[in-house]
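For reference, the structure discussed in these notes is given below.
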Amino acid sequence: MRKILKLTNRRNFLFGLSSLAAISAGVISRGFDRHQKIEALDHHQRDFTVSQGLSLKERAAKKGLIYGTTSTKKYLTSDPAYMAAIVENCRMFVPEWEFKWTAGNALLRPGFDRFDFSAADWIANFSATHQLLLRGHTLVWHSSLPKWFKETVNSENAEQLLQNHIQTFVKRYAGKIHSWDVVNEAIKTEDGRDDGLRITPWLNSLGTNYIDLAFRLTSAVDPQALLVYNDFGLDYDTPKDEAKRDAVLKLLAGLKSQGTPIHALGIQAHLSPGGNNKFNPEKLRQFLKDVASLGLKIMITEMDVTDKNLPVDIKVRDHIVAGVYEDYLATVLDEKAVIAVITWGLSDRYSWLSEFEPRGDGTPVRPLPLDTQMRRKLAWNAIARAFDNAPQR
Ligand code: 9MR
């Protein structure tokens, strides 16, 4: 009995949190009439109906937006149903592993002056074949670096290495890339520096200038592509996310003022409802406005909603996850500088969260728009509704 009570309380608590978000987002988003706002109080009854027919990429395109996802050569070559779902729904594609220095079973950089383009070429061909806009993710990151990197790189040779990486790798795909995540996740306020920069091998070997350098080198080789700074942890009304928003804004303003060729901010949007993560549409909207006023575009680059802390009941879980998708997207799509939405995977069959944020009860995670059988979930409807209600670009 106590256990049941506890569970019920916990469920109400979670509903309370997401309902709060739903109400505040409802108040500000188009397409919510008074009746719907009141309905949004109860997630059981929240309505995620959408008109039938159009895919996500078509709904996005109607508003001048781009929808896309990420995957790997491994999943695409072994799973025709998944490939078909991606081609049906997406206009943009992000390699989850193959454009990194190394990740999963891909190894782009086997040595200091060696490249293996086989997997990256496969991705570029796949994207071209299916008319998918391709994102280059990512050139400079502290993570997914090969073993030799740590043993070899120092302040004497780091600039040469970065230059060679960009001049060889970026050049190979120049003109075929929609946007490069030139620098990924360079801010970590907990590292204690005044400028908020994360302490990474790149910072240690090249100093604070490494970010500007990476953008300039990329721009020189691929002047057509949109050059992006990409980061996570920018979404919630928590002291941690607030500090990160401030530091990112300072970084972007500094880069712009010194003439760095940077064109967009990538907001990863790995969302995590529950706990202390309060969602504050006004604060998020203000941040987007501040970024846009620097003359930058914004892309939502890696969206997903972890259900790690949500109740086990699939119906309840899917409702909450869908509510988070719609509330978040209704808020960010109101800012016209936002040009694209990418979810970090399309089907629950393949999500990094299965490995990195598994549920305590061992049941499979459900963070994405399609279920493991490629059927549309409420999250799919929620994204469709957000596109349908978004202002025209
Ligand atoms: O989803 C990606 C996972 O398969 C890789 O093992 C991991 C390391 O390369 O990266 C994951 O994607 C990350 C992305 O590249 C950057 N932002 C956070 C993403 C989730 O960890």
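The values are calculated or read from the model by the stated rules, or taken from the named source; none is laboratory data. Please read all numbers here as calculations on a predicted model, not as lab measurements. As a convention, Cβ positions derive from the backbone with ideal geometry for all residues, glycine included, and neighbour counts pool all protein chains shown.
Observations on the structure shown:
- Here is the figure for the range 82-119: residues that are out of contact with any strand residue (DSSP E or B) (no Cβ under 7 Å at 6 or more places or on another chain) and farther than 16 Å from residue 351 by Cβ total 17.
- So residue 290, is it surrounded by fewer than 17 Cβ atoms within 10 Å (Cβ to Cβ), modelled with pLDDT of 95 or more and among the acidic types (Asp, Glu): yes
- The set of residues in the range 310-360 being away from the ligand (no atom under 16 Å from the Cβ), basic (Lys, Arg) and either buried (at least 19 other Cβ atoms within 10 Å of the Cβ) or within 23 Å of residue 46 (Cα to Cα) (or both) consists of 315, 317.
- Unmet requirement for residue 349, which otherwise passes all of (1) farther than 16 Å from residue 57 by Cα; (2) assigned to a helix (DSSP H, G or I): (2)
- Scanning the range 261-286 for residues that are assigned to a helix (DSSP H, G or I) and either over 17 Å from residue 341 (Cα atoms) or within 16 Å of the ligand (Cβ to nearest atom) (or both) gives 281, 282, 283, 286.
- Within the range 118-149, being part of a helix (DSSP H, G or I), within 16 Å of the ligand (Cβ to nearest atom) and either touching a helix residue (DSSP H, G or I) at 6+ places or on another chain (Cβ under 8 Å) or in contact (Cβ under 8 Å) with a residue 60 or more places away in the chain (or both) holds for 119, 120, 123, 149.
- Restricting the range 173-227 to residues that are in contact with an Asp or Glu (Cβ under 9 Å, 6 or more places away or on another chain), within 16 Å of the ligand (Cβ to nearest atom) and part of a loop (DSSP other than H, G, I, E, B), the residue that is nearest to residue 128 (Cα to Cα): 185
- Residues in the range 97-117 that are in contact (Cβ under 8 Å) with a residue 24 or more places away in the chain, in contact with a Pro (Cβ under 9 Å, 6 or more places away or on another chain) and in a loop (DSSP other than H, G, I, E, B): 101, 108, 109, 110.
- In the range 150-172, residue nearest to the ligand (Cβ to nearest atom) [restricted to those that are assigned to a loop (DSSP other than H, G, I, E, B) and not charged (D, E, K, R)]: 153
- Here 240, 250 are screened, and the one residue that is surrounded by fewer than 17 Cβ atoms within 10 Å (Cβ to Cβ), away from the ligand (no atom under 16 Å from the Cβ), within 19 Å of the chain's Cα centre (by Cα) and part of a helix (DSSP H, G or I) is 240.
- Some residue of the range 80-90 being part of a helix (DSSP H, G or I) and acidic (Asp, Glu): yes
- Given (1) surrounded by fewer than 21 Cβ atoms within 10 Å (Cβ to Cβ); (2) away from the ligand (no atom under 16 Å from the Cβ), number of the condition residue 76 does not satisfy: (2)
- For the range 348-362, the criterion of being touching a residue at least 60 places away in the same chain (Cβ under 8 Å) and aliphatic (A, V, I, L, M) is met by none of the residues.
- Residue, nearest to residue 252 (Cα to Cα), within the range 132-173, restricted to residues that are small (Gly, Ala, Ser) and exposed (fewer than 15 other Cβ atoms within 10 Å of the Cβ): 143
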